[in-house]
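What follows is a short report on a single structure.
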Amino acid sequence: MTEPIEFLWWKHGVIYQIYPRSFRDSSGNGIGDLQGIIEKLDYVAELGVDAIWVSPCYPSPMADFGYDVSDHCDIHPLFGTLQTMDALLQAAHQRDLCVMLDFVPSHTSEQHQWFQESRASRSNPKRDWYTWRDTGPDGGPPNNWLSIFGGPAWEWDAHTRQYYLHTYLKEQPDLNWRNPAVKEAMFSVVRFWLERGVDGFRVDAAHGFMKDPVLRDNPPNRNNAAIGYESMDAYDSQLHVNDRGHPDIHAVYRELRALLDEYSRARPRFTVGEIHIFDWSKWASYYGANLDEIHMPGNFTLVRIPWRASLVRGKVDELEAALPAGAWPNHVLGNHDEHRIASRYGAAAARTAAMLLLTLRGTPTLYYGDEIGMLNVTVPAEKCQDPWPQRSGKPELSRDPQRSPMQWDARPGAGFSGPAVHGDLPEPWLLFHPEYQRLNVATQRDEPGSMLDLYRCLLRLRRETPALTHGEYRALDDAPPAVYGYLREYGGDRLLVLLNFEGESKQVTSVSFDYGEVLLSTTLDRDGAEGLDPMVLRPYEGVIIRV
């Protein structure tokens, strides 16, 4: 924690999330795999990112597409083998790319050997590895806790005549982290992957695995304020103060951090936590009182607010004010659970969003395909893959639209799959967007001004400019309401970022600087010295200016 910032890759790098099912299919079965990722690592490295985060590829019955893990220390045959993962690690490191995996601490699959033993009998040695309880006073579940996927968070087991706890699907029973054997088993999982060379972990549902020890009911959410997910009615009817994030969780994270620090003596390892908490003080507590817990709690506040300059600036400023001294922020605009940026904001505003994400202070996480402007895909009900809408009866909750296969080129099949054994292109596990012939890597690679061109320029400028990688941040108060302006400063280098959030030209005056050098515009058609008083930003234009 005392190392200079330039030696900590996760403090100046950019993370690129790969959803393995959807990145590249090397086997010709319509499902992406690890060998497919290896085949495309040159593209990832040339893009200019520093790390890849590979979403779950462990053995799993796929009730929740890999987040129901049945073996934490192996690879699902759909994706390859442990040896394929070793080859991926080696190939990535040869290209100076770090590799992060998902660590899923809160639950397992019901098909995990641990749970199979746990449910075998009440006297089984692993019974207490999960949370089992008798019926409540009314003969129903033990308390009022709800599942995120709908219905009670308790499932009756007829064999042992008790309920078990599941925060997500009933196929995903919650681990009991109050059992020291569970903690040691899960820490052994972390050691297993660190020994194989993994550089870090994205901790899934990072605030969810320590519950109230006596399982008290959740109180009602009288304001019915969203908890951080799409509106789920019953789930949002409670304040989730007892079924996740008990203060004891911080002691676990201190131990986990100490474990990672042991391995960081060779090279830095780190964690980023998926934490859907929108109370800043509680969110910031996951850094640890001495910055000795999660390296970076994930920041999801920008994902679902309206695309307005004042709102975005407000959230960024709130985050900066909430950070403990010395803490490093994280910013996210898209991932496998969120609608595509270009579908949320429109194609023009998505370019401004790219500049925002890659110029704010902190470590950004990019989602595969956003760099070519991929759009949500409309998936007919009969082809729906996501269990969430199927279980809840709410098609609007589907995450399929943002998980469609990567669009590599304009050929039939978008270059996602190689031909199957019989020579025909396989049907992909999800549909391609109808516009894949325009929105693809091959078409945009050599197209000046394309979205891919913009991302490459932004990533190159970020890499070459210390003010962007680890400079200070200061918002400007004198920009017009539709414009978000801020300074990034480091060692005498001072950059001004101006982002027009609206589809009309905006004249920016009195931004404290008369003259500057435009380093990059989202339109990619202006650079060089310009007068700044006034400066006219075109619709949805963003500029980076050295002042």
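General remarks:
- The C-beta contact set for region 504-520 (first residue on the phi > 0 side of the Ramachandran plot and at pLDDT below 80, second residue part of a loop (DSSP other than H, G, I, E, B) and of a type in the set (Lys, Arg), distance under 6 angstrom, 6+ apart or interchain) is empty.
- Residue selection: PRO412 satisfies the criterion of being part of a loop (DSSP other than H, G, I, E, B), free of Cβ contacts under 8 Å to residues at least 40 places away in the same chain and more than 20 Å from ALA349 (Cα to Cα).
- When region 303-323 is filtered for residues that are within 18 Å of ALA482 (Cα to Cα) and either surrounded by fewer than 20 Cβ atoms within 10 Å (Cβ to Cβ) or aromatic (Phe, Trp, Tyr) (or both), the ones remaining, listed by number, are ILE305, PRO306, TRP307, ARG308, SER310, LEU311, GLY314, LYS315, ASP317.
- Filter result (farther than 18 Å from GLY369 by Cβ, in a helix (DSSP H, G or I) and not polar (S, T, N, Q)) within region 310-347: LEU311, VAL312, ARG313, GLY314, LYS315, VAL316, ASP317, GLU318, LEU319, GLU320, ALA321, ALA322
- Residues that are surrounded by fewer than 19 Cβ atoms within 10 Å (Cβ to Cβ) and of a type in the set (Val, Ile, Thr) do occur in region 376-386, at least one of them.
- Taking region 449-483 as the range and being buried (at least 16 other Cβ atoms within 10 Å of the Cβ) and aliphatic (A, V, I, L, M) as the test, the residues that pass are MET451, LEU452, LEU454, LEU458, LEU459, LEU461, ALA467, LEU468, LEU476, ALA479, ALA482, VAL483.
- Filter pass, ASP204 being at pLDDT 95 or above, surrounded by 18 or more Cβ atoms within 10 Å (Cβ to Cβ) and not polar (S, T, N, Q): yes
Quick grid of which residues meet (1) outside any loop (DSSP other than H, G, I, E, B); (2) closer than 22 Å to CYS457 by Cα; (3) of a type outside the set (Val, Ile, Thr); (4) touching a Ser or Thr at 6+ places or on another chain (Cβ under 7 Å):
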{"position": "LEU487", "(1), (2), (3), (4)": "yes, yes, yes, no"}
{"position": "GLU502", "(1), (2), (3), (4)": "no, no, yes, no"}
{"position": "LEU524", "(1), (2), (3), (4)": "no, yes, yes, no"}
{"position": "VAL543", "(1), (2), (3), (4)": "yes, yes, no, yes"}
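- Among the residues of region 330-340, the ones that are closer than 14 Å to GLY362 by Cα and out of contact with any strand residue (DSSP E or B) (no Cβ under 7 Å at 6 or more places or on another chain) come to 1 in all.
- Any hit, region 189-205, residues being in a loop (DSSP other than H, G, I, E, B), under 30 Å from SER281 (Cβ atoms) and touching a Ser or Thr at 6+ places or on another chain (Cβ under 9 Å): yes
The values are calculated or read from the model by the stated rules, or taken from the named source; none is laboratory data. It should be emphasised that the depicted structure is a prediction, and the values quoted were computed from it without experimental measurement. We place every Cβ from the backbone using ideal geometry, glycine too, and count neighbours over all the protein chains shown.
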